[in-house]
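Here the structure comes first, spelled out in structure tokens, and everything after it is commentary.
The values are calculated or read from the model by the stated rules, or taken from the named source; none is laboratory data. Keep in mind it's a predicted model, so treat the numbers as computed, not measured. Because the Cβ atoms are built from the backbone with ideal geometry, glycine has one as well, and the counts that use them run over all protein chains shown. Just the protein is used for accessible areas: all its heavy atoms, side chains included, with ligands, DNA and RNA removed. Shrake-Rupley method; radii C 1.70, N 1.55, O 1.52, S 1.80 Å.
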Amino acid sequence: AAFYIVYSLFLSKDTMYSRNRLYILLSLIFSLVLPLITIQTNKPVNMPFFGKTLEEVLVTGNANGSATDPSWTSGLTGSGIFLIFYLTGLILFGSKLIIDFVELAFLITRKKIKDSNIIRFHGLGTAGFSALGRVFINAKLSPEDAAEIQKHEQNHLDHHHFFDIIFVEIIKVFLWFNPFIHLFDRSLRAVHEYQADEGCLQTGIPVSSYQILIM
């Protein structure tokens, strides 16, 4: 949350896309690593205590000889519900990631052209995308539009954006419940698009025609 707030307030509005991309990736890495670091001190730190000391809980046996503790049973039930809820999300997000990879593999296998990284597809509701070192172009596009989309997606490949996406998607599988991983994912994808757009415009494509193409 802290890393994302800094990004949102101070970095998200400028055009230093490579810097922003690096910041987002490092923020995700540090967010995963920092909680694992233990800081050793020479002497104990006296932390102020603002809580309330609870009285002892008496555990007694029932007629069957087993111990009962209502508070422990309640906590265990809550933990079990949370675990089921978490595992359900993990399975759903993990399954979606696996299915996406399988669909890409089938699409590449069926549509690949020898000595070319261009894959033409039908449907999918998009003009094109890039993944696994290949550019996917909608077969319904005109040759002129397909050429411009190819340039755009080739820029994604040149910047190795797909590896960023896979990295974030894997984190999302395990931290799907955290809203900030989804915010970082959205921001990172936006930075990717800005980088690809910048690369296309530097080749001399008119801004007006390029805007119409990508809308």
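Which numbered condition trips up Leu132, out of (1) closer than 17 Å to Leu157 by Cα; (2) more than 18 Å from the chain's Cα centre (by Cα)? Of (1) closer than 17 Å to Leu157 by Cα; (2) more than 18 Å from the chain's Cα centre (by Cα), only one is false for Leu132: (2).
The residues of region 159-189 that are more than 23 Å from Leu9 (Cα to Cα), assigned to a helix (DSSP H, G or I) and not aliphatic (A, V, I, L, M), listed by number, are His161, Phe162, Phe163, Phe167, Glu169, Lys172, Phe174. For region 187-207, check the following and say yes or no: at least one residue is polar (S, T, N, Q), closer than 27 Å to Gly94 by Cα and modelled with pLDDT of 90 or more. The answer is yes; a qualifying residue exists.
Close Cβ contacts (under 8 Å, 6 or more residues apart or on different chains) running from residues in region 29-42 that are hydroxyl-bearing (Ser, Thr, Tyr) to residues that are assigned to a helix (DSSP H, G or I) and surrounded by 10 or more Cβ atoms within 10 Å (Cβ to Cβ) comprise Ser31/Phe3.
All conditions in (1) assigned to a loop (DSSP other than H, G, I, E, B); (2) in contact with an Asp or Glu (Cβ under 9 Å, 6 or more places away or on another chain); (3) open to solvent by less than 80 Å² (accessible area, probe 1.4 Å) hold for Asn20, with the sole exception of (1).
Looking only at region 103-144, filter to residues that are charged (D, E, K, R) and part of a helix (DSSP H, G or I); which one of those is most open to solvent (accessible area, probe 1.4 Å)? Let's see the steps before the verdict.
Just the residues of region 103-144 that are charged (D, E, K, R), to begin with: 103, 110-112, 114-115, 120, 134, 140, 144.
Those left that are additionally part of a helix (DSSP H, G or I): 103, 110-111, 144.
Values: Glu103: 113, Arg110: 152, Lys111: 82, Glu144: 123 Å².
If we take residues in region 103-144 being charged (D, E, K, R) and part of a helix (DSSP H, G or I), then Arg110 is most open to solvent (accessible area, probe 1.4 Å).
Within region 170-188, which residues are open to solvent by 60 Å² or more (accessible area, probe 1.4 Å) and not aliphatic (A, V, I, L, M)? Working first, answer last.
Step one: list which residues in region 170-188 are open to solvent by 60 Å² or more (accessible area, probe 1.4 Å), which gives 170, 174, 177, 179-180, 182, 186.
Residues satisfying the conditions are Phe174, Phe177, Pro179, Phe180, His182, Arg186.
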